[in-house]
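One structure is given here, and the rest of the page talks about it.
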Amino acid sequence: MSKRAPNPGAPVTGLAVGHANPDFDAYAAMVAATKLYEGTRAVYLGSQNANVREFHNLHEEFVPFVDLRAIDPEAVERVVMVDTRDQGRIGEIGKIVARPGVEVIVYDHHPRQPDDVVASDDHSMMVGATTSILVHEIHDRGIVLTPLEATVMLLGIHEDTGSLSYPVTTPYDVQAVAFLMEAGAEMEVLNQFLSRALSSEQRAVLEQLVDTLEVWE
């Protein structure tokens, strides 16, 4: 694999962001968004999920992530939100989303809520994984994936669908998985990082608990 060649002099005008404490679905959907939107860089907000954190530390050189501290907020013209529509769950980028004139594109697979962000373009669908939605667009546009990119996207779909066993799984998710396997996704990496300790409902509760954690002395 060859490293991407970033241009440190060019301002970042497009960001892809998932919810804080991302699971593999949010992480993979960010990677997928960088393939769909030219010039877009993903922002990793950190994760309590040890497997996601380990994967990111091992492979961050090969995927287009950028340090939030290196971004000029005023230069950002587009934000692609993935696996969430909640402006409050994307950290400091929520302020960029709220700025007039910024194009906001959303990909999510969760039920809509009254306080969802108003998007310029909403691709959300009720399927097993957010990553599946972006993978279908990648397929439809004929975009070529590296084996590593296909692998992380496969991780995202497998985690949120319980390896296609959860009731939320749809044929749409299965089709996305087949495409990623054909693109060279590495199953041994899947087995290494995929954890089935918690169901999707349990992980949602855990994320909510982490997001609302308060420390008292």
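Extending 7 Å from the Cα toward the beta-carbon at both residue 50 and residue 102 defines two label points whose distance is 3.4 nm.
Karplus-based coupling profile of the range 79-94, in residue order and whole Hz: 10, 9, 8, 10, 6, 6, 10, 8, 4, x, 9, 10, x, 5, 5, x, with θ = phi - 60° in 6.51 cos²θ - 1.76 cosθ + 1.60 and x standing for Gly or Pro. Using Cα centres only, tell me the gap between the range 71-119 and the range 131-157 in whole Å. That distance is 22 Å.
Just the projected area, averaged over all directions, of the convex hull on the alpha carbon atoms of the range 59-217: how many nm²? Display every interim value, and only then the final one.
Details: hull surface 47.1 nm².
Taking the Cα atoms of the range 59-217, their convex hull projects to 11.8 nm² on average.
Close amide H partners of residue 122, meaning residues 5 or more places away or on another chain with modelled amide H under 5 Å apart, are 106.
Taking amide H as placed 1.01 Å from N in the peptide plane, the amide H of residue 41 sits under 5 Å from that of 14, 15, 16, each at least 5 places away or on another chain.
The distance between label points at residue 67 and residue 120 comes to 2.8 nm (points 7 Å beyond Cα on the Cα→Cβ vector).
Hydrophobic long helices, here whole DSSP H runs in the chain with Kyte-Doolittle means of at least 0.5 and Cα atoms spread over 20 Å or more along the helix axis, are not found.
Here, each number is a calculation from the coordinates, and none is a lab measurement. Nothing here was measured: the structure is a model prediction, and the numbers come from that model. Don't worry about glycine lacking a Cβ; one is built from the backbone with ideal geometry, like all the others, and counts go over all protein chains shown.
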